[in-house]
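Here's the structure, in structure tokens; my notes come after.
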Amino acid sequence: KLGMAYKKDDNFGEWYSEVVVNSEMIEYYDISGCYILRPWAMEIWELMKEFFDAEIKKLKLKPYYFPLFVTENVLQKEKDHIEGFAPEVAWVTKSGKSDLEAPIAIRPTSETVMYPYFSKWIRSHRDLPLKCNQWCNVVRWEFSNPTPFIRSREFLWQEGHTVFATKEEADEEVLQILELYRRIYEEFLAVPVFKGRKSEMEKFAGGLYTTSVEAFIPNTGRGIQGATSHCLGQNFAKMFDITFENEKGERSMVWQNSWAYTTRSIGVMVMTHGDDKGLVLPPKVAPIQVIVIPVPFKDADTTAIKGACESTVYTLNQAGIRADLDARENYSPGWKYSQWEMKGVPLRIEIGPKDLANKQVRIVRRDNGAKVDIPSTDLVEQVRVLLDGIQVNLLETAKQKRDACIAPISTWDEFTAALNDKKLILAPWCDEEEVEKDVKARTKGELGAAKTLCTPFDQPDLPSGTVCFASGKPATKWSFWGRSY
Ligand SMILES: O=C(C[C@H]1NCCC[C@H]1O)Cn1cnc2c(c1=O)CCCC2
Ligand SMILES: [Mg+2]
């Protein structure tokens with residue numbers, strides 16, 4: 001349990017599995033692709049949820065809960081939305097020994113569950129906008145290699161489903177939610193992301209356009225979709241007959257959005273910040289931000305030391321800092337240091353006889369190992385400064401590492417070289433789907449094909465005459481390409 005058998009840069013896959021288990025986030029389960037989320041993971045999920053739920057309530061989202069099950073004919077209602085995914089849909093076919101009349105699907109997402117009722121509830125413009133969010137689990141029976149948090153057959157998410165009278169309102173909300181996803185990643189998980197638009201081929205087939213926040217894992221050279229915010233246009237309104245009577249008494253179809261982030265975000269954070277001692281938690285999402293450990297010496301006054309530790313924890317908790325005491329008698333301080341480092345706790349406070357005598361505490365940072373002695377009178381102020389410093393340092397370090405992986409290229413040969421070099425490729429593209437398909441075909445292999453990750457909203461300058469790296473046709477945009485999760 002103590003210490004890591006694998007190194008991040010030697011065997012990333014094994015290292016990752018070890019970190020999520022040794023830090024007590026995950027317990028493996030006897031069904032492939034399913035994992036037990038233990039408190040160290042759920043508390044992180046809940047800290048993010050606290051922020052996100054408060055923000056969407058400001059946007060007037062209302063909480064709903066729809067059934068887990070959806071009938072076959074409703075699920076099939078939207079052909080091209082579902083047919084590409086059909087193998088992933090899990091079905092209930094029996095109860096006890098007897099077969100069900102008709103198989104029932106377990107929700108892989110809730111558009112088809114919700115929208116027949118949106119149609120029923122929306123009559124006039126006064127019923128708009130309708131703003132529905134649910135926190136729940138979904139099931140997708142994926143076949144490619146399952147990975148805790150990153151790719152599992154059941155995961156937790158929030159799914160927002162909103163309905164507007166006009167496209168303008170929908171377009172605006174898509175970007176408001178995308179900004180919240182950026183904040184989740186950059187301000188809480190300290191993971192840098194790019195905001196951008198998915199290509200026609202990579203977007204949600206049932207929608208009009210898809211925006212996303214994209215992260216990147218330098219160790220594997222793979223992009224990873226962090227969260228998505230889709231404008232569905234009027235496609236689902238047509239399918240599910242969701243219309244309203246506008247002010248002029250005319251019948252018109254609504255405009256819709258749907259958006260989600262999932263427990264995958266936790267895995268991205270682990271991959272980004274973890275090191276060879278285990279997990280490294282950004283303070284904003286750390287269930288315990290400061291662990292206080294008594295360091296008793298043989299003839300020292302253990303009672304006084306323990307008392308100092310308890311009052312340190314109390315003072316920090318009173319200041320709203322998530323501090324805890326590890327006073328277990330059956331473990332040495334050294335063992336405790338390693339265990340809390342494995343769990344990624346941002347700060348450790350050691351209090352021994354010398355600290356007691358000098359009315360100080362020793363604080364050790366998890367991110368860079370720095371040790372500093374702080375007068376007990378400055379405790380809260382200094383802990384706050386250190387926690388903020390760790391949060392900033394983790395994001396800055398991750399941003400530098402990611403930016404060092406970005407490879408702007410111009411030609412096919414540069415593209416394939418960068419791909420093999422595990423780079424995040426920035427390439428001028430003609431924006432033709434045929435070309436995207438062609439690149440996929442030409443880069444097929446056991447590591448997976450290259451694909452477009454997104455077209456970043458923040459576009460570098462594109463000199464006129466620049467040609468597409470793959471087709472030689474005039475390039476219209478810079479897009480991020482690479483292998484992905
Ligand atoms: O789920 C979405 C779109 C949308 N669903 C709601 C939240 C936002 C966004 O994820 C796309 N999608 C992905 N994966 C699947 C489906 C699917 O619709 C349906 C069948 C099973 C697999
Ligand atoms: Mg999928």
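Observations on the structure shown:
- Which listed residue is among the polar types (S, T, N, Q), away from ligand 2 (no atom under 16 Å from the Cβ) and at pLDDT 95 or above, from THR147, THR166: THR166
- Residue count, the stretch 86-126 (criterion: among the aliphatic types (A, V, I, L, M) and open to solvent by 20 Å² or more (accessible area, probe 1.4 Å)): 6
- Single match in GLY233, GLY267, GLY278, GLY223 (criterion: in contact with a Phe, Trp or Tyr (Cβ under 9 Å, 6 or more places away or on another chain), under 16 Å from PRO148 (Cα atoms) and small (Gly, Ala, Ser)): GLY267
- Listed by position, the helices (runs of 4 or more DSSP H) inside the stretch 60-142 whose residues that are at pLDDT below 95, within 16 Å of ligand 2 (Cβ to nearest atom) and under 28 Å from the mean Cα position of the chain (by Cα) number at least 3 are 79-82.
- Of the strands (runs of 3 or more DSSP E) contained entirely in the stretch 265-371, those carrying at least 2 residues that are surrounded by 15 or more Cβ atoms within 10 Å (Cβ to Cβ), β-branched (Val, Ile, Thr) and touching a Lys or Arg at 6+ places or on another chain (Cβ under 8 Å) fall at 290-294, 347-351, 360-365.
- Boolean, GLU187 is more than 16 Å from ligand 2 (Cβ to nearest atom) and acidic (Asp, Glu): yes
Residues checked against (1) closer than 30 Å to GLU50 by Cβ; (2) touching a helix residue (DSSP H, G or I) at 6+ places or on another chain (Cβ under 6 Å):
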site	(1), (2)
THR210	yes, no
VAL213	yes, yes
GLN225	yes, no
SER229	yes, yes
ASN235	no, no
LYS277	yes, yes
LEU281	yes, no
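- Of all the residues in the stretch 245-285, those that are away from ligand 1 (no atom under 16 Å from the Cβ), β-branched (Val, Ile, Thr) and under 23 Å from ILE36 (Cα atoms) number 6.
- Matching entry among TYR29, TYR35, TYR64 (being more than 30 Å from LEU175 (Cα to Cα), open to solvent by 50 Å² or more (accessible area, probe 1.4 Å) and touching a strand residue (DSSP E or B) at 6+ places or on another chain (Cβ under 7 Å)): TYR29
- Extreme residue, farthest from ligand 1 (Cβ to nearest atom), among residues of the stretch 143-158 that are assigned to a strand (DSSP E or B) and either open to solvent by 40 Å² or more (accessible area, probe 1.4 Å) or within 20 Å of ILE26 (Cα to Cα) (or both): THR147
- Subset of the stretch 372-387 [over 28 Å from the mean Cα position of the chain (by Cα) and surrounded by 20 or more Cβ atoms within 10 Å (Cβ to Cβ)]: LEU379
- Whichever residue in the stretch 159-186 is assigned to a helix (DSSP H, G or I) and touching a Lys or Arg at 6+ places or on another chain (Cβ under 7 Å) and, among such residues, is surrounded by the most Cβ atoms within 10 Å (Cβ to Cβ): LEU178
- Count of residues meeting criterion [in a helix (DSSP H, G or I) and polar (S, T, N, Q)] in the stretch 13-28: 2
- The helices (runs of 4 or more DSSP H) found wholly in the stretch 376-453 and carrying at least 3 residues that are over 23 Å from VAL285 (Cβ atoms) and free of Cβ contacts under 8 Å to residues at least 60 places away in the same chain occupy 412-420, 433-442.
- So GLU83, is it open to solvent by 30 Å² or more (accessible area, probe 1.4 Å) and within 11 Å of ligand 1 (Cβ to nearest atom): yes
- Selection over the stretch 121-142 of residues that are of a type in the set (Phe, Trp, Tyr) and within 15 Å of ligand 1 (Cβ to nearest atom) gives a count of 2.
- Members of the stretch 200-242 found to be part of a loop (DSSP other than H, G, I, E, B), open to solvent by 10 Å² or more (accessible area, probe 1.4 Å) and touching a Ser or Thr at 6+ places or on another chain (Cβ under 7 Å), listed by number: GLU202, LYS203, PHE204, ASP241
The values are calculated or read from the model by the stated rules, or taken from the named source; none is laboratory data. Quick caveat: nothing in here was measured; it's all calculated off a predicted structure. Reconstructed Cβ throughout: ideal geometry from the backbone, glycine too, with neighbour counts over all protein chains shown. Heads up: the accessible areas ignore ligands, DNA and RNA and are worked out on the full protein's heavy atoms, side chains in. Shrake-Rupley method; radii C 1.70, N 1.55, O 1.52, S 1.80 Å.
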